[in-house]
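Let me begin by presenting the structure, written as structure tokens, before commenting on it.
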Amino acid sequence: MASSKFININLKIWRQKNAKEKGKIETYKLDNVSIESSFLEMLDQLNEQLVSERQEPVAFDHDCREGICGMCSLFINGRAHGPDTGITTCQLHMRMFKNNDTIYVEPWRSKAFPVIKDLVVDRTAFDRIQQAGGFVSVNTSGNTIDANATPVPKHDADRAFEAAACIGCGACVATCKNGSAMLFVGAKVSQYALLPQGKVEATQRVLNMVRQMDEEGFGNCTNTGACEVECPKGISLENIARMNREYLAASLK
Amino acid sequence: MAKSAILKSSLAKKYWMALTGLFLCLFLVGHLAGNLQLIFSDASHFNQYALFMTTNPAVKLLSYLTYISILFHAVDGIMLTVQNRKARPIRYAMENPSANSAWASRNMAVLGTLILVFIVTHMVNFWAVMHFDEKMPLETVQVDYEGKTYDFYVTQNTGKDKYIPVDLENSGLEIRNRTEFYDKTGNLKIAEGYKDLHKITFAFFKDAKYGLIATILYVIAMFVLSFHLLHGFASAFQSLGANNPKYNGLIKGFGKAFSVIVPLLFAIIPIYIHFFAK
Ligand code: HEM
Ligand code: SF4
Ligand code: FES
């Protein structure tokens, strides 16, 4: 019998050899999981068990394990980043689960995020959207302008900062019933559109980023608001509305 | 670039969805105001209103805009839904959508399709009868002619161009366009026989066999509309980019009130006719 600090769980994990092969859900039993451990540490424990049983460990994405890099990306019990809000998967802890719980672990599901292996998906679609316009063109050969020489209203600076908090994890796409990337793109568009440095290229930026978003095969926002709830960085739907405004203005130009 | 962006992009579809949706909300208000006359006005006024609605050129224009909006909204909505399903070719084994979104917001396509079915049924029930049914009864009208007052009404079992005011059979009057009473010799239009939509409507909901089921189905359809609007109204503002913490409360509050009050008032009409009207 596990003590109150340890639980036994049943895991149902998506296993897929590679991008080509079909995957399926496999069931694993894992005992003595400390409720103090993080979700990823629990998966480490599972992988040690699998390795000791000479089975292939479960592949999953992670890097910083402190909620800033945006690599971890698991769909846990029907929710992106698991049963809590305002956190990434690496910030999820096993105390959110009970003894004998069955936990489903699946990769982000999106046409634009194909599975590479097990729980790892290819999120380079986001990179291509960024490359389509998510930057400010700078010429570094001249003199550097003092940052304070360009005044930015505090309100705008705060909104831009909030938008810039997006870590590109893709939870918004994963949780959206339409597989829409508009929270991500809205955040990226907003982060620049709100600042004087970004305004210069605002028209082309929003047109190009939305075009790339559509080309990647992401779905269409229907304002269910699921992304806002599951986003670990609390990116607001206001950013999607801002993108909608920017795009409308840009396409009428 | 800009041109194709405003017509074909994902966002453009959203704008059209929102614009047509909001236009349809306006239509609902107009349609409701007219229909409430079934409760608060008499048959004559309602039938005159119905005639005005089928003949006035400005109203005609608006009604064509409404048909186009419904078609566009429905086609665009279904296209969006199909595209969105393609964006997730492999579904999750375990989903918990109620943790982060409202039921209505996830079921707009189903709700919308039900509304479409209702709209078509509703048009067959009333609009088609009004426009095409040769046997549509005419309301009895009283006309002063050569110093006397006559009752104009329609005999049963009459076909095209045979709406004969029975007590005027030899009066030298004739009926043209099924509703217009002409003086045969002078070719003067003397009166208009209003199509009795009021009678049709009351008969429909008071029908001994089908009246109750029709009433129930109409009320259910208004529930469906209510849920569609509960998400749709505020959603349209977000689609058009109108999201400002200063006004969001107002938009959401107004949207909720609109989504409950408008369908409720519509639903009261068949209930009133079936259970309470004479
Ligand atoms: C009187 C009838 C109707 C009214 C007033 C109405 C109103 C609305 C409104 C205001 C929206 C929100 C638009 C947005 O989010 O930008 C909406 C969304 C939607 N409507 Fe309707 N609608 C009606 C009929 C229909 C019909 C017949 C369909 C047909 C299938 C339909 C399907 C949809 C779908 C799928 C959405 C969600 C699309 C999205 O959010 O992107 N609606 N509707
Ligand atoms: S908007 Fe939020 S959920 Fe979407 S990628 Fe950025 S941080 Fe992740
Ligand atoms: S591993 Fe970096 S955010 Fe989770």
statement: To the nearest 0.05, the calculated FRET efficiency linking B:Leu62 and B:Glu174 through their beta-carbon distance, R0 being 30 Å, is 0.35
query: Out of residues 5 or more away from A:Tyr104 or on other chains, whose amide H comes under 5 Å of its own, with H placed 1.01 Å from N in the peptide plane?
result: A:Lys12, A:Asn77
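In Å², rounded to the nearest 100, what is the total accessible surface buried by chains A and B against each other with a 1.4 Å probe?
3500
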message: What FRET efficiency comes out for A:Arg65 versus A:Lys17 if R0 is 30 angstrom and r is the Cβ-Cβ distance? Round to the nearest 0.05.
response: 0.70
task: For helix A:182-193, report the angle its Cα long axis makes with the longest principal axis of the Cα atoms of chain A; keep it between 0 and 90° and round to the nearest 10°.
output: 40
- prompt: How large is the accessible surface per residue of the protein assembly as shown, computed with a 1.4 Å probe and reported in Å² as a whole number?
  reply: 51
task: Calculate how steeply helix A:39-52 sits against the longest principal axis of the alpha-carbon atoms of chain A, using the helix alpha-carbon long axis, and give the answer as 0 to 90 degrees to the nearest 10.
output: 50
query: Given R₀ = 51 Å, FRET efficiency for B:Phe40-A:Asp84 by Cβ-Cβ distance, to 0.05?
result: 0.40
query: Where does helix A:154-164 land angle-wise versus the long Cα axis of chain A, in degrees 0 to 90, nearest 10?
result: 40
query: Do any of A:Lys17/A:Lys233; A:Lys17/B:Lys14; A:Lys233/B:Lys252 go past 30 Å between their Cα atoms, and which?
result: A:Lys17/A:Lys233; A:Lys17/B:Lys14
query: In chain A, what percentage of the DSSP-assigned beta bridges are antiparallel, given to the nearest 5?
result: 75
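Assuming a ≥ b ≥ c are the square roots of the Cα gyration tensor eigenvalues, decide whether chain A counts as rounded (a/c under 1.5), prolate (otherwise, with a/b larger than b/c) or oblate. Can you show the working numbers first?
On the way: a/c = 2.38, a/b = 2.01, b/c = 1.18.
Verdict is prolate for chain A.
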- request: Measure off 7 Å from each Cα along the Cα-to-Cβ vector at B:His31 and A:Gln197, then give the distance between these two points in nanometres to one decimal.
  value: 5.3
- request: Return the sequence-ordered ³J(HN,Hα) values of the range A:107-121 in whole Hz as given by the Karplus equation 6.51 cos²θ - 1.76 cosθ + 1.60 applied to θ = phi - 60°, using x for Gly and Pro.
  value: x, 3, 10, 7, 4, 7, 10, x, 5, 8, 6, 6, 9, 8, 10
field: Cβ-defined net charge surrounding A:Ile240, 14 Å radius [Lys, Arg +1; Asp, Glu -1]
entry: +1
- line: GNM on chain A, Cα springs under 10 Å; top mean-square fluctuation among A:Arg95, A:Arg79, A:Arg205 goes to A:Arg95
statement: The lysines whose Cα lies under 28 Å from the Cα of B:Lys278, excluding any fewer than 8 residues away in the same chain, are B:Lys135, B:Lys195, B:Lys199, B:Lys206, B:Lys209
Flagged links, alpha-carbon separation over 21 Å, of A:Lys22/A:Lys98; A:Lys154/A:Lys199; A:Lys199/B:Lys246: A:Lys22/A:Lys98; A:Lys199/B:Lys246
query: Okay, helix-only estimate at 222 nm for the protein assembly as shown: each DSSP H run of n ≥ 4 adds -39500 (n - 2.57), divide by all residues, round to 500 deg cm²/dmol; what do you get?
result: -15500 deg cm²/dmol
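The values are calculated or read from the model by the stated rules, or taken from the named source; none is laboratory data. The shown structure was predicted, so the numbers you read here are calculated from the model rather than taken from an experiment. Because the Cβ atoms are built from the backbone with ideal geometry, glycine has one as well, and the counts that use them run over all protein chains shown. Remember, those area values only see protein heavy atoms, side chains included, never the ligands or the DNA or RNA. Shrake-Rupley method; radii C 1.70, N 1.55, O 1.52, S 1.80 Å.
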